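**Student:** Questions regarding the structure given below will be posed in turn.
The values are calculated or read from the model by the stated rules, or taken from the named source; none is laboratory data. Since the model is a prediction, treat every value here as computed from it, not as a measurement. Here Cβ is always computed from backbone atoms with ideal geometry, including for glycine, and neighbour counts include all displayed protein chains. Accessible surface is based on the protein model in full, side chains and every heavy atom, while ligands, DNA and RNA are left aside. Shrake-Rupley method; radii C 1.70, N 1.55, O 1.52, S 1.80 Å.
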Amino acid sequence: MIEIDVPPQPTLTTERLILRPLRDSDAAAVADGAGDKRVARYLIQAPTPYPITLARGWVRHRSEWWGLGRGLTLALATHEEPDTLVGTASLRRHARDRRAELGYWLAEPAWGHGYATEATRAIVDYGFRAMNLARVYALVLAGNTASERVLDKLGMQREGVQRQHVKKGKRLCDVTLYGVLRSEWR
């Protein structure tokens, strides 16, 4: 068996946030935050309520991404409370095409502070600098104007609407596709 030396997951620091590797102890905050109906309504695969056992599995699975080359999911925490997860940001990598899908969510108490823009800017920048990505894209469920504003602030381009593209609950939902190329990144 060939062993590959995988570097540790990065920790990114912004003016107000720490983007750190997920920990098993984050599962309860994932279940509470992502399972909140106000948050889950715009997350394609988040159930509400969100059982803690499912959250533990999600944290484990996302932590394994890095070592498998599938991408990166980081916990978001403030400098004041570095052990308290307030959301996550991720890049789901498609290595052959040098692209990654940006995903993120914030628990409701963290809304309205600019954290989503700050965190996504940091992880997208990391993707272009350290992961050699050529493109980062995001899919936004119809009606999620807050996420559309975040992506606009990042300089991502609205590339179109994919009609009835994903199933959320019992209905098919439209998603808007946003993207930014390495050459466009500031």
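**Student:** Please work out whether segment 34-97 counts as rounded, prolate or oblate from its C-alpha gyration tensor, where a ≥ b ≥ c are the square roots of the eigenvalues and a/c under 1.5 means rounded, while otherwise a/b larger than b/c means prolate and anything else oblate?
**Tutor:** Because a/c hits 1.5 or more and a/b fails to exceed b/c, segment 34-97 counts as oblate.
**Student:** Once both labels are modelled 7 Å past Cα along the beta-carbon direction, what's the GLN162-ASP5 spacing in nm?
**Tutor:** Here the answer is 3.8 nm between the modelled labels.
**Student:** Kindly identify segment 68-130 as rounded, prolate or oblate by the Cα gyration tensor criterion: order the square roots of the eigenvalues as a ≥ b ≥ c, call it rounded if a/c is under 1.5, otherwise compare a/b with b/c, prolate if a/b is larger, else oblate.
**Tutor:** Prolate, since a/c reaches 1.5 and a/b exceeds b/c.
**Student:** Test of understanding: express the Cα radius of gyration of the chain as a ratio to 2.2 N^0.38 Å, with N the residue count.
**Tutor:** Rounded to two decimals, the normalised Rg is 0.99.
**Student:** Output the relative contact order of segment 45-186, whole-number percent, from Cα pairs under 8 angstrom with separation of 6+ residues.
**Tutor:** Rounded, it is 16 percent for segment 45-186.
**Student:** Residues with amide H under 5 Å of ALA134's amide H, sequence separation 5 or more or different chain, H placed in the peptide plane at 1.01 Å from N; which?
**Tutor:** Amide H to amide H, under 5 Å and 5 or more residues apart or across chains, ALA134 pairs with ARG99.
**Student:** For segment 45-60, take each phi angle, set θ = phi - 60°, evaluate the Karplus expression 6.51 cos²θ - 1.76 cosθ + 1.60, and give the result in whole Hz per residue in order, putting x for glycine and proline.
**Tutor:** Those phi angles translate into 10, 9, x, 9, x, 10, x, 4, 5, 5, 5, 4, x, 4, 4, 4 Hz.
**Student:** Please report, in debye to the nearest 20, how large the charge dipole of the chain is about its Cα centre when each Lys and Arg carries +1 at its beta carbon and each Asp and Glu carries -1 there.
**Tutor:** Roughly 800 debye, rounded to the nearest 20.
**Student:** Can you tell me the accessible area per residue over segment 8-68, all protein chains present, probe 1.4 angstrom, in square angstrom?
**Tutor:** In whole numbers, segment 8-68 has 56 Å² accessible per residue.
**Student:** Checking the a/c ratio against 1.5 first, then a/b against b/c, what shape does the Cα gyration tensor give for segment 91-186?
**Tutor:** Since a/c reaches 1.5 but b/c is at least a/b, the shape of segment 91-186 is classed as oblate.
**Student:** Then there is this: Roughly how many nanometres apart are two label points built 7 Å out from the Cα toward the Cβ at GLU108 and ASN132?
**Tutor:** Between GLU108 and ASN132, the simple spin-label model gives 4.4 nm.
**Student:** Each residue of segment 156-163 in order: what ³J(HN,Hα) in whole Hz does its phi give by Karplus 6.51 cos²θ - 1.76 cosθ + 1.60, θ = phi - 60°, with x for Gly and Pro?
**Tutor:** Listing the rounded values in order: 6, 8, 6, 9, x, 10, 9, 6 Hz.
**Student:** With all protein chains present and a 1.4 Å probe, how do LYS153, LYS168, LYS37 order by accessible area, largest first?
**Tutor:** Ranking LYS153, LYS168, LYS37 by accessible area, largest first, yields LYS37, LYS153, LYS168.
**Student:** A further question follows. Solvent-accessible area of TYR42, probe 1.4 Å, all protein chains present, reported in Å² to the nearest ten, please.
**Tutor:** So the heavy atoms of TYR42 present about 60 Å² to solvent.
**Student:** With a point put 7 Å past each Cα toward its Cβ, work out how far LEU54 is from ASP83 in nm, to one decimal.
**Tutor:** 2.8
**Student:** Based on DSSP H runs of at least 4 residues, each adding -39500 (n - 2.57), what is the mean residue ellipticity at 222 nm of the chain after dividing by all its residues, to the nearest 500 deg cm²/dmol?
**Tutor:** Value at 222 nm, helices only: -9000 deg cm²/dmol.
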